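The block underneath contains the structure these notes are about, expressed in structure tokens.
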Amino acid sequence: MDESIAATMAAVGPRLRALRTHRNITLTQLSETTGISISTLSRLESGQRRPTLELLLPLARDLRVAIDELIGAPHTGDPRLHLRAVTRNGMTLLPLTRRAGNLQAYKLIISSRTRSPRPEPSSHEGYEWLYVLDGRLRLLLGDNDLIMGPGEAAEFDTRTPHWFGNADEHSVEVLTLFGHQGERAHLRAHPHRSSVAATGVDGGVGR
């Protein structure tokens, strides 16, 4: 085997271990989600097992990284991100970051056809930042009922019950950053309170 290829193969194990530990995923958990045995994963990380496409594909899919990140392929010089949008319940979610980690960026488009008869606030661990690109967004946050327009931003602890959706019959486009508790984006908005009736999506971005 060519020395450069051998070196690339040998580096897969440490990269895999680093990705797994960074996400606080155990070998048992990774084995359950990929279908690869714990012993195979352990040997792969230690360099005792040669990586194959059959192993790399499920690992890259489960860890949400491109295969070239696992094998350390050189950059092509093309800075564009080729990411796949997900559309569900009239809402299109486009990830703007490839690397799974503590802070994730998304562009969110909530269709004008999306209607929710009754907002249902939810809460979970984390911190979120919203920036309205186009349209008008209704944000329910605790006891606050806010209407946000283009150029306005909000940040909040997602342990506070919250919901957001269309503030009227038009679509709304939003940039959102979501991170673990304590990771805050230092931009704040001061939207006006409003009693405008709204349509929206259950659970905001579906988390």
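Assorted remarks:
- Potential lengthening between S42 and D134 on full extension [0.36 nm per residue; Cα-Cα distance subtracted]: 28.3 nm
- Counted residue by residue at 0.36 nm each, then reduced by the alpha carbon distance between them, the extension gain from R17 to L53 reaches 11.2 nm.
- Under 11 Å, Cβ to Cβ, from P51 - net charge with Lys/Arg +1 and Asp/Glu -1: +2
- Added length on full extension, which subtracts the Cα-Cα distance from 0.36 nm per residue, E32 to E173: 47.1 nm
- FRET efficiency, E125 to I67 (Cβ-Cβ, R0 25 Å, nearest 0.05): 0.25
- Accessible area per residue was computed with a 1.4 Å probe on protein heavy atoms; I71 scores about 50 Å².
- Accessible area (Å², 1.4 Å probe, nearest 10) - E169: 110
- Sequentially through the stretch 126-131, phi angles give Karplus couplings (6.51, -1.76, 1.60; θ = phi - 60°) of x, 9, 9, 10, 10, 9 Hz, Gly and Pro residues having no value and appearing as x.
- Two-site FRET efficiency, R159 against A105, from Cβ-Cβ distance with R₀ of 30 Å, rounded to 0.05: 0.90
- Accessible-area ranking of S112, S123, largest first, probe 1.4 Å: S123, S112
- Amide H contacts of R49: L44, each under 5 Å away and 5 or more positions distant or on a separate chain (H built 1.01 Å from N in the peptide plane; Pro and chain starts excluded).
The values are calculated or read from the model by the stated rules, or taken from the named source; none is laboratory data. Note that this is a predicted model, so its numbers are computed, not measured. We place every Cβ from the backbone using ideal geometry, glycine too, and count neighbours over all the protein chains shown. Surface accessibility is based on the protein's heavy atoms, side chains included, excluding ligands, DNA and RNA. Shrake-Rupley method; radii C 1.70, N 1.55, O 1.52, S 1.80 Å.
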